[in-house]
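Q: Below are the structure tokens for one structure; questions will follow.
The values are calculated or read from the model by the stated rules, or taken from the named source; none is laboratory data. Since we're looking at a predicted model, the values are computed, not measured. Quick reminder, even Gly has a Cβ in these numbers, built from the backbone with ideal geometry, and neighbours come from all protein chains shown. Ligands, DNA and RNA are excluded from the accessible area calculation, which covers all protein heavy atoms including side chains. Shrake-Rupley method; radii C 1.70, N 1.55, O 1.52, S 1.80 Å.
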Amino acid sequence: SSGINAEYGEFEAGFDAGGQTREHVLLVRSLGVQSLVVAVNKMERVGWEEKRFRDIEEQLIGFIKGVGFKTSEVVFVPVSGLEGDNLTKRSDNAALQAWYSGQSLIEVIDEIEPPSRNYDKSFRLVITDVFKHPQLGLSVAGKVEQGYVIVGTPLVVMPGGDGTMVKSITVDDKNVDYVVAGEHCILVLGGIDQSKVFNGNVLCEPHAKIRSTYKFKARILVFNIDLPITKGFPVDLHYQTVNEPAVISRLISTHNKSTGEVIKNKPRCLTKNQVALVEVKCERPICLELSKDNKSLGRITCRYGGNTIAAGMVIEIT
């Protein structure tokens with residue numbers, strides 16, 4: 001879901017060129033999000049005016065369609081975060097009821113079909129925190145991106161390749177025997193030194209290691225940038241919890257946003273709102289999956305000068 005400020009001047013500032021509203025919509029679409037719920041917030045500041053809500057809806061829907069969302073997958077909901085109105089239950093506010101008879105924000109979100117989980121694939125857990133428990137020892141926190149793991153399973157930490165074993169598993173402060181895709185958990189690890197484990201590392205099974213690479217190809221969407229992206233352009237590569245220096249080492253082709261058809265091979269530069277296939281080269285190896293195999297492990301964003309300039313999906317690991 002995305003939040004919009006309904007106040008006069010505030011929405012316009014966020015939606016104008018360079019505003020965060022545009023960047024957020026571009027970012028979620030380029031990362032493969034299919035459904036979008038737009039919470040038009042602070043409606044109490046504009047007297048719950050239907051005209052203001054419809055104006056915002058009209059301006060946004062054209063832009064949202066333009067970046068590839070289907071209108072049937074986009075829902076606008078008027079809310080007031082300050083007053084808690086139309087958030088968890090349908091509003092009884094007369095000013096809103098006069099023109100809006102739709103669902104509350106939570107009702108709309110609850111009706112979105114949850115993503116399918118890769119329970120049957122090889123285990124992958126991206127480490128988000130590493131710490132030493134006073135009684136239990138070396139522990140890591142993270143989300144299981146695919147597969148499952150049980151207590152006693154031998155694992156490896158990638159990209160280093162060091163071996164370890166699961167001594168115990170905690171979910172919501174409760175000890176459990178196993179954990180599956182989609183769950184956040186804490187694993188207590190044995191047989192490995194803390195100096196070998198870092199945020200962004202991936203835990204997997206020894207017989208089915210995730211690939212690590214210095215170089216890969218990605219299909220990216222370029223955002224509203226001041227400088228064109230050229231061969232050798234430096235970026236901060238963000239992937240899961242990893243932030244690595246990298247360069248756009250090759251500009252392979254530009255593509256039509258809607259059809260994916262190649263527009264131009266070997267472009268000299270990339271400018272705003274273009275979709276392109278590029279090669280990215282990192283200074284250190286990172287762990288990746290192809291987007292078609294695992295969307296969350298195949299997504300990247302590129303930042304430059306403190307701004308997100310592009311985002312996309314991993315197409316090929318070289």
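Q: Which shape class applies to the stretch 1-122: rounded if a/c is under 1.5, otherwise prolate when a/b exceeds b/c and oblate if not, where a ≥ b ≥ c are the square roots of the Cα gyration tensor eigenvalues? It would help to have the intermediate numbers written out before the result.
A: Working: a/c = 2.20, a/b = 1.32, b/c = 1.67.
Oblate.
Q: Additional query: Within 10 Å, count the other beta carbons around each residue, average over each peptide in 187-200, 208-221, and list them highest first.
A: The most tightly packed comes first, giving 208-221, 187-200.
Q: Return one whole number: the accessible area per residue of the stretch 279-318 in Å², for a 1.4 Å probe.
A: Here the per-residue accessible area is 43 Å².
Q: If you don't mind, another one. Using only the alpha-carbon atoms, how far is helix 20-30 inclined from the longest principal axis of the chain? Give it as 0 to 90 degrees, nearest 10.
A: The angle comes out near 50 degrees.
Q: Leaving out ligands, DNA and RNA, and with a 1.4 Å probe, what % of the accessible surface on the stretch 177-292 is carbon or sulfur?
A: Here carbon and sulfur together make up 48 percent of the probe-accessible area.
Q: In whole Hz, what ³J(HN,Hα) sequence does the stretch 265-278 give by Karplus (6.51, -1.76, 1.60; θ = phi - 60°), x for Gly and Pro?
A: 8, 6, x, 6, 7, 10, 10, 4, 6, 8, 9, 8, 9, 10
Q: Once amide H atoms are built 1.01 Å from N in the peptide plane, which residues 5 or more positions from Val149, or in another chain, come under 5 Å H to H?
A: It is Val179, by chain and number.
Q: Could you state the accessible area per residue of the stretch 180-232 in Å², with a 1.4 Å probe and every protein chain left in place?
A: 50
Q: In addition: Helix-derived [θ] at 222 nm for the chain: sum -39500 (n - 2.57) over DSSP H runs of at least 4, divide by residue count, nearest 500?
A: On the way: 5 runs with 44 residues, N = 318.
Helix contribution divided over all residues of the chain: -4000 deg cm²/dmol.
Q: Compute from the Cα atoms of the chain the Rg and the Dmax, the latter being the longest Cα-Cα distance, and quote both in angstrom.
A: Rg then Dmax for the chain, in Å: 22.3, 65.
Q: Can you give the angle from 0 to 90° between the axis of helix 50-66 and the longest principal axis of the chain, with both taken from C-alpha atoms, to the nearest 10?
A: The angle comes out at about 50 degrees.
Q: Also, quick follow-up: According to the square roots a ≥ b ≥ c of the eigenvalues of the Cα gyration tensor, what is the shape class of the stretch 228-318, taking rounded for a/c under 1.5, prolate for a/b larger than b/c otherwise, and oblate for the remainder?
A: oblate
Q: For the ranges 298-304, 224-230, what's the packing order if you count other beta-carbon atoms within 10 Å of each residue, average per peptide, and put the highest first?
A: Details: 298-304: 20.7, 224-230: 15.0.
With the highest mean Cβ count within 10 Å placed first, the list reads 298-304, 224-230.
Q: While we're looking at this one, here's another question. Within the stretch 5-131, what whole-number % of the accessible surface is contributed by carbon and sulfur, with the 1.4 Å probe and all protein chains included in the calculation?
A: Its accessible area is 48 percent carbon and sulfur atoms.
Q: Taking a ≥ b ≥ c as the square roots of the Cα gyration tensor eigenvalues, with a/c under 1.5 meaning rounded and otherwise prolate when a/b beats b/c, else oblate, which class fits the stretch 118-223?
A: prolate
Q: While we're here: What list of ³J(HN,Hα) couplings, whole Hz, do you get for the stretch 229-235 from phi and the Karplus terms 6.51, -1.76, 1.60, once you set θ to phi - 60° and write x for glycine and proline?
A: With coefficients 6.51, -1.76 and 1.60, one gets 8, 10, 4, x, 5, x, 9 Hz.
Q: Next question, about the same structure. Take the alpha carbon atoms of the stretch 82-160, find their radius of gyration, then divide it by 2.2 N^0.38 Å using N residues; give the quotient.
A: Details: Rg = 21.8 Å, N = 79, 2.2 N^0.38 = 11.6 Å.
Computed over Cα atoms of the stretch 82-160, the ratio equals 1.89.
Q: Still on this structure, please answer the following. At 1.4 Å probe size, with every protein chain present, just tell me what the per residue accessible area of the stretch 1-160 comes to in Å².
A: I get 52 Å² per residue for this part.
Q: Using Stokes-Einstein with the Kirkwood hydrodynamic radius over Cα pairs, what translational diffusion coefficient do you get for the stretch 172-238 at 25 °C and a viscosity of 0.890 mPa s, in µm²/s rounded to a whole number?
A: Reported coefficient: 144 µm²/s.
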